[in-house]
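Below: one structure, written as structure tokens.
The values are calculated or read from the model by the stated rules, or taken from the named source; none is laboratory data. Keep in mind the model is a prediction, meaning the values are calculated, not measured. Ideal geometry is used to build each Cβ from the backbone, glycine not excepted, and the neighbour counts take in all protein chains shown. Only protein heavy atoms, including side chains, enter the accessible area calculation; ligands, DNA and RNA are left aside. Shrake-Rupley method; radii C 1.70, N 1.55, O 1.52, S 1.80 Å.
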Amino acid sequence: MAVCARLCGVGPARGCRRRGAAREQRRGAADSEPDTDTDPEEAGGGGVTEDDEVAERIEGRRPLPPSVESGPAGRAPLSLLELPPELLVQIFGSLPGTDLPSLARVCTTFRRILRTDTIWRRRCREEYGVCENLRKLEITGVSCRDVYAKLLHRYRHILGLWQPDIGPYGGLLNVVVDGLFIIGWMYLPPHDPHVDDPMRFKPLFRIHLMERKCATVECMYGHKGPHNGHIQIVKKDEFSTKCNQTDHHRMSGGRQEEFRTWLREEWGRTLEDIFHEHMQELILMKFIYTSQYDNCLTYRRIYLPPSSPEDLIQPGLFKGTYGSHGLEIVMLSFHGKKAKGTKITGDPNIPAGQQTVEIDLAHPLQLPDIENLRDFSELSRIVLEVQEQVRREEQEQQQEEEEHSQPAASQPASPLGGEGAEGEETAAGAEGTTQDKAPASQPFVLPMGVISRNEDYPRTCRICFYGTGLIAGHGFTSPERTPGVFVLFDDDRFGFIWLELKSFSLYSRIKVPFQNAQAPSREAFDEMLKNIQSLVT
Ligand SMILES: [Zn+2]
């Protein structure tokens with residue numbers, strides 16, 4: 001819109017630069033020839049106050065009628081105020097909502113125009129995707145401005161992906177604007193072992209404007225419907241929820257009924273199903289541990305991994321099998337010659353936040369042909385050979401670094417210095433990358449004796465890499481990285497063979513288009529990864 005361009009410095013529009021430059025010029029030489037379509041008085045003004053500046057930004061074309069308020073007496077400014085109000089409504093409606101309060105401070109006319117609800121309806125739609133018929137709000141006396149200011153803007157910092165602090169278990173919460181609500185959805189993996197099934201989700205809380213004054217927070221936990229809750233934004237990237245009526249979580253049948261219901265929902269099992277399984281202890285423990293929180297949780301922000309065209313596959317979130325622990329959520333991210341799988345949900349052995357697998361992209365593995373692939377000892381031999389090679393390379397590198405550092409400490413840093421050891425193996429890495437680009441599929445079968453929860457794992461794969469998997473005793477005791485094989489099946493599935501455990505995990509991509517989850521920078525993502533890892537004790 002042409003008029004939009006007149007709002008120099010407020011919105012991105014054509015013509016702004018010219019006017020900005022003209023303004024600078026005027027400031028520099030007060031008596032220079034005035035711009036043809038600006039107020040000559042203005043150019044002669046002395047010190048520019050903040051108000052003048054804003055007024056200056058919103059100059060208009062036609063002469064000001066005497067009735068319209070203007071700057072200091074004696075001015076005959078050409079002003080935006082001369083535009084018909086409906087045009088101003090359009091202009092203001094195209095500006096970011098966060099800029100509107102300062103615009104309201106300019107003059108009473110602007111303030112009055114900014115009370116027009118269509119402006120705020122548009123802001124709700126464009127900034128927060130609210131497509132709901134906001135007109136019906138008016139019946140309740142709630143305006144779109146209320147919705148924008150008291151709901152959407154107020155709680156904008158909690159939109160996106162979060163991990164609850166539930167001991168080793170973690171979790172994935174997605175906070176979204178849904179109609180006239182802000183809802184916190186807890187995402188749960190599908191029932192074990194169906195990794196290809198879609199994610200399940202249930203609401204943990206919701207926020208909405210029931211009346212004009214302020215937004216209402218409701219706890220959605222339990223089966224008795226929404227009830228009184230509370231949200232506290234602790235600091236940047238952290239908030240906590242509290243339920244004020246935990247009696248709403250209790251069931252008439254007591255703990256027994258609560259456990260049965262939880263078991264059915266969380267695991268898709270009955271009490272009889274798990275009676276004979278050794279996983280029953282783990283399941284019961286998780287129930288006792290997680291239910292004691294009663295939806296009073298602290299959440300920390302998580303970002304989706306940044307991607308680059310060189311990545312082996314699109315990074316992101318995956319569901320993976322973890323034996324008796326059931327399915328867990330793992331984030332796959334790429335870091336130079338390494339890829340990392342970080343647990344978003346965890347278990348008493350390896351808690352959420354830990355790096356469950358690390359893939360060494362500089363060391364592709366050539367699997368034996370299909371006849372010999374069944375032979376576990378053959379695969380084991382190949383992997384251990386690579387492990388030995390990796391160890392040697394690391395030693396050599398260490399020695400090299402020591403030699404370099406001793407005689408001349410002033411050696412220029414490698415351009416990949418920031419990556420540390422990860423970025424060093426460029427030669428081997430290049431070899432790896434060329435192989436990535438040729439995704440010829442090869443037959444795949446698990447070696448005899450390797451346990452998989454899914455018998456229907458893919459029977460062809462693209463490429464394999466050497467990797468390590470983290471194992472530990474109960475309570476994350478004696479954690480150890482052990483050798484394994486990363487198997488890339490296709491764009492959305494990969495596997496990991498845990499050599500020492502003789503077990504296989506299958507991972508399948510979580511295909512949910514999460515909003516507000518992109519990391520602002522690579523550094524912010526790395527920082528987030530480091531933080532969630534250090535959370536767990
Ligand atoms: Zn509650």
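Only residues that are of a type outside the set (A, V, I, L, M, F, W, C), within 16 Å of the ligand (Cβ to nearest atom) and without any contact (Cβ under 8 Å) to a residue 24 or more places away in the chain were counted in segment 178-201, giving 0.
Of note, LEU282 does not satisfy the criterion of being more than 16 Å from the ligand (Cβ to nearest atom) and modelled with pLDDT of 95 or more. Here ARG115 fulfils each of the conditions (1) in a loop (DSSP other than H, G, I, E, B); (2) more than 25 Å from the chain's Cα centre (by Cα); (3) surrounded by 14 or more Cβ atoms within 10 Å (Cβ to Cβ) apart from (3).
Report yes if some residue within segment 138-154 is in contact with a Phe, Trp or Tyr (Cβ under 6 Å, 6 or more places away or on another chain), aromatic (Phe, Trp, Tyr) and modelled with pLDDT of 95 or more; otherwise report no. No, the conditions are met nowhere in segment 138-154. Among the residues of segment 222-276, count how many are away from the ligand (no atom under 13 Å from the Cβ) and open to solvent by 60 Å² or more (accessible area, probe 1.4 Å). Here the count works out to 17. Scanning segment 206-228 for residues that are over 26 Å from the mean Cα position of the chain (by Cα) and farther than 21 Å from LYS136 by Cα gives GLY222, HIS223, LYS224, GLY225, PRO226, HIS227, ASN228.
When ILE344 is tested against (1) of a type outside the set (Asp, Glu); (2) closer than 13 Å to ILE532 by Cα; (3) in contact with a helix residue (DSSP H, G or I) (Cβ under 6 Å, 6 or more places away or on another chain), just one condition goes unmet, and that condition is (3).
Being modelled with pLDDT under 95 and in the same structural domain as ILE344 (by TED's automatic domain parsing) is not true of SER291.
I'd like the full set of residues that are more than 8 Å from the ligand (Cβ to nearest atom) and open to solvent by 30 Å² or more (accessible area, probe 1.4 Å), limited to segment 207-221. Walk me through it before giving the result.
Let us first name the residues in segment 207-221 that are more than 8 Å from the ligand (Cβ to nearest atom), namely 207-218.
Residues satisfying the conditions are MET210, GLU211, ARG212, LYS213, CYS214, THR216.
For the structure I just gave you, tell me whether ILE329 is in a strand (DSSP E or B), under 28 Å from ILE274 (Cα atoms) and within 28 Å of the chain's Cα centre (by Cα). Spell out the reasoning first.
Numbers: in a strand (DSSP E or B): yes; under 28 Å from ILE274 (Cα atoms): yes; within 28 Å of the chain's Cα centre (by Cα): yes.
Taking the combined requirement at face value, the residue satisfies it.
Residue check: LEU161 meets all listed conditions (1) in contact with a Lys or Arg (Cβ under 6 Å, 6 or more places away or on another chain); (2) assigned by TED's automatic domain parsing to the domain that holds ALA215 but one, namely (1).
Considering each of LEU152, LEU137, LEU159 in turn, give the residue that is touching a Cys at 6+ places or on another chain (Cβ under 8 Å) and either surrounded by fewer than 20 Cβ atoms within 10 Å (Cβ to Cβ) or acidic (Asp, Glu) (or both). Can you show your working first?
Working: LEU152 fails: either surrounded by fewer than 20 Cβ atoms within 10 Å (Cβ to Cβ) or acidic (Asp, Glu) (or both); LEU159 fails: touching a Cys at 6+ places or on another chain (Cβ under 8 Å).
Result: LEU137 is the single residue among LEU152, LEU137, LEU159 that is touching a Cys at 6+ places or on another chain (Cβ under 8 Å) and either surrounded by fewer than 20 Cβ atoms within 10 Å (Cβ to Cβ) or acidic (Asp, Glu) (or both).
Taken over segment 165-195, the residue count meeting the criterion of being open to solvent by 30 Å² or more (accessible area, probe 1.4 Å), farther than 30 Å from LEU137 by Cα and out of contact with any strand residue (DSSP E or B) (no Cβ under 7 Å at 6 or more places or on another chain) is 2.
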